[in-house]
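The values are calculated or read from the model by the stated rules, or taken from the named source; none is laboratory data. All values derive from a computational prediction rather than experimental measurement. Cβ: placed from backbone, ideal geometry, glycine included. Neighbour counts: every protein chain shown. Side chains included, ligands, DNA and RNA excluded: accessible areas come from the protein's heavy atoms. Shrake-Rupley method; radii C 1.70, N 1.55, O 1.52, S 1.80 Å.
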Amino acid sequence: MSTHELYTRAPSATNWQVPSAGSARFSWEYDDGRDRLLALYQKGKDKQWDGAKRIDWDLEVDPLDPLGTPDEAMSLYGTPHWAKMTERDRGELRKHYASWQFSQFLHGEQGAMVCAARIVESAPDLDAKFYSATQTMDEARHAEIYGRFLHEKIGLLYPINDNLQALLGDTLRDSRWDMPYLGMQVLIEGLALAAFGMIRDTTDKPLPQQILAYVMQDEARHVAFGRMALRDYYRQLSDAELREREEFVIEGCYLMRDRLRGVEVLEDFGIPKKQAEEYTEQSEFLALFRQLLFSRIVPCVKDIGLWGKRLQQAYVDLGVFELGDSNLDLLMAQDEEIAEKLDAERFAAEERDRVAEVDAAIRSGEA
Ligand SMILES: [Fe+2]
Ligand SMILES: [Fe+2]
């Protein structure tokens, strides 16, 4: 079925055009890559996988409870409005929230693909171009998988959130070549990764768990790349140039925290915008969720050298300053491990089933 028919409300146009301001760059130096970047490129090639095969698409999903996450995660929970809802309405609300969230993941993955392609085009060195070409493919696979999940298993899509679109547009329109890394790899992907992780670790539904665990395995490489490339580059920038980047980060962080929280879902349920915003503001679960959304961004910006006074103060105000001390390498290593462990468990279970089938066949033959 065409996506158009599955949108809760139609996007204003089928295409979105963002004029580009930067240069395409070629490098004639083919033999002088940085070892760490080339190692990441090699890893990107070695670790390609096919979502059509690795993910078990036969698993059924209950559209009225696609993720199995706690109802507290929805901002209506515990409000007078919630008390009046029937079980059926609550199921519809779960479906819409899951659709909204995964739709933002889907649009974000498309954005990541376009930004990775932009980096192929604009980065000055060939090692970064090679690596980003593998990431472009990774992001295409991610978009494919989220799109399939929404079309086949939920049957409902939300358009891109206005503020996510605005940040993506700012990231792409900027002519400085590091901005797609900063806006996309650090901010948007950092947020997405934290959200993926929270759902991966709380869902009891095998299909979304597989999708999130496997996508996160790839994202660990993407974050590693953003950190390496930006850390090297930001060492050479002047204080004024660094402050500009920090302002961009501060603005982006506030925008994502305050404006990317699914108010449009509640509006679809007939709740006026102002009331919907109040509910969202009051939800304790959401307050915690919104802080945890920064768990991947804060240590990353600190690590790449954007750690000026104003940025530190912004993180104190957001209540996320301490997250700067969390160990990103450890988080990334865990993301890779969780995906590998899931594979091992699934394939061990398949092997057991296969052996049992053979045994049964032999027994029936003997009988
Ligand atoms: Fe991705
Ligand atoms: Fe990514």
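Of the residues ARG354, ARG310, which is more than 30 Å from GLN210 (Cβ to Cβ), part of a helix (DSSP H, G or I) and open to solvent by 60 Å² or more (accessible area, probe 1.4 Å)?
When all the criteria are applied, what remains is ARG310.
Looking at the stretch 55-71, can you tell me whether even one residue there is part of a helix (DSSP H, G or I), buried (at least 18 other Cβ atoms within 10 Å of the Cβ) and of a type outside the set (A, V, I, L, M, F, W, C)? Taking every residue of the stretch 55-71 in turn, none turns out to be part of a helix (DSSP H, G or I), buried (at least 18 other Cβ atoms within 10 Å of the Cβ) and of a type outside the set (A, V, I, L, M, F, W, C).
Selection of the stretch 129-176 for residues being charged (D, E, K, R), open to solvent by less than 30 Å² (accessible area, probe 1.4 Å) and either at pLDDT below 95 or over 14 Å from the mean Cα position of the chain (by Cα) (or both) yields only LYS129. Exactly one residue out of TYR30, TYR41 is in contact with a helix residue (DSSP H, G or I) (Cβ under 7 Å, 6 or more places away or on another chain) and open to solvent by 80 Å² or more (accessible area, probe 1.4 Å): that is TYR30. Filtered by the rule that a residue be among the β-branched types (Val, Ile, Thr) and more than 21 Å from the chain's Cα centre (by Cα), the stretch 305-344 gives a lone residue, VAL316.
Each row is one residue, and each column tells you yes or no for (1) within 22 Å of SER20 (Cα to Cα); (2) more than 16 Å from ligand 1 (Cβ to nearest atom); (3) without any contact (Cβ under 8 Å) to a residue 12 or more places away in the chain.
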| position | (1), (2), (3) |
| --- | --- |
| ASP56 | no, yes, no |
| GLY68 | no, yes, no |
| MET85 | no, yes, yes |
| ILE145 | no, no, no |
| ILE154 | no, yes, no |
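The residues in the stretch 200-247 that are farther than 19 Å from PRO124 by Cα, open to solvent by less than 30 Å² (accessible area, probe 1.4 Å) and away from ligand 2 (no atom under 16 Å from the Cβ) can be counted, and the count is 7.
Taking the criterion of being away from ligand 2 (no atom under 16 Å from the Cβ), part of a helix (DSSP H, G or I) and in contact (Cβ under 8 Å) with a residue 24 or more places away in the chain, would at least one residue in the stretch 103-113 satisfy it? Yes: one or more hits. Checked against (1) closer than 30 Å to PRO70 by Cα; (2) more than 16 Å from ligand 1 (Cβ to nearest atom); (3) among the small types (Gly, Ala, Ser), ALA220 passes all but condition (2).
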